[in-house]
């Protein structure tokens, strides 16, 4: 693991892109492979250069997808990469305590939480017969908006659009739903970006990157 202290958001994003390029090309960096040898160094401190709010799906581990080692990423994982108070608190903690200036909200193709929200919306019209649970309840508004816009007849298109719409919703929540993060964006160069990981190709598309 190389020193990550002081990376700007743009530098961190470039490092994430490069790491994913290696992963999708079936290459591992020496730093990532050898980072386990620095466990003792990391016992007293950590300097993650990026925060990743991602899905709990077993096929989308951020450290592997971005070819990073121990101590490089501060990862928050929750089904559907939804943003609830605890997730906001975790992102705030990392951004403030470690001066991490990049936050990546990462959804992925074939997301089970998106599929469950679609089933809940399309198979129980007019409301849910069964309790959808807190995760699906947080994803449902995104799915409902797309159905209202006319995507309900094509489940494939709905699933694809819902993944990205859900990422945008979560990223916007972080950008505008936290006074601390808002101030860090405004005054200290924090950047919150949205991305989609393609489980089949291994490629991460950073499709929601604020213009700086």
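Could you tell me what % of all Cα pairs in the range 1-88 have separations over 18 Å?
Here the long-distance tail beyond 18 Å is 47 percent of all Cα pairs in the range 1-88.
Mind checking the full-extension length gain between residue 186 and residue 18? Use 0.36 nm per residue of separation minus the Cα-Cα distance, one decimal, nm.
Full-extension gain reported as 57.8 nm.
Defining a contact as two alpha carbons under 8 Å apart and six or more residues distant in sequence, what relative contact order in percent does the range 9-208 show?
Relative contact order here is 24 percent.
At a threshold of 8 angstrom on Cα-Cα distance, excluding pairs fewer than six apart, so keeping six or more, what relative contact order does the range 131-190 reach in percent?
Answer for the range 131-190 is 22 percent.
Out of all DSSP beta bridges in the range 9-208, what portion is antiparallel? Express it as a percent rounded to 5.
15 percent
Does anyone have the angle between helix 9-24 and the longest principal axis of the chain? Alpha-carbon axes, 0 to 90°, nearest 10?
The two axes meet at around 80 degrees.
With springs only between Cα atoms under 10 Å, which of 61, 132, 85 fluctuates most in a Gaussian network model of the chain?
Largest GNM mean-square fluctuation: 85.
Could you give the length gained on full extension between residue 41 and residue 137, defined as 0.36 nm per residue of separation minus the Cα-Cα distance, in nm?
Stretched fully, the residue 41-residue 137 segment lengthens by 30.4 nm.
What's the extension gain from residue 84 to residue 56 if we count 0.36 nm per residue and subtract their Cα-Cα distance?
So the extension gain works out to 8.6 nm.
Over the chain, with a Gaussian network built from C-alpha contacts below 10 Å, which listed residue (145, 116, 159) shows the highest mean-square fluctuation?
Maximum fluctuation in the GNM of the chain, among the listed residues, is at 145.
Which percent of the Cα-Cα distances in the chain go past 31 Å?
Numbers: 4789 of 22366 pairs.
Tail fraction, whole percent: 21.
Measure nothing but the geometry: give the 0 to 90° angle between the long axis through the Cα atoms of 179-188 and the longest principal axis through the Cα atoms of the chain, rounded to 10°.
The answer is roughly 50 degrees.
With runs of 4+ DSSP H residues as the only contributors, calculate the mean residue ellipticity of the chain at 222 nm using -39,500 (n - 2.57) per run, divided by the residue total and rounded to the nearest 500.
Dividing the helical sum by the residues of the chain leaves -14000 deg cm²/dmol.
Please state the shape class of the range 141-211: rounded when a/c is under 1.5, otherwise prolate if a/b exceeds b/c and oblate if not, all from the C-alpha gyration tensor.
oblate
Read the figures in this text as sums done on the coordinates, not as results from a lab. What you are looking at is a predicted structure, and each value in this text was computed from that prediction instead of being measured.
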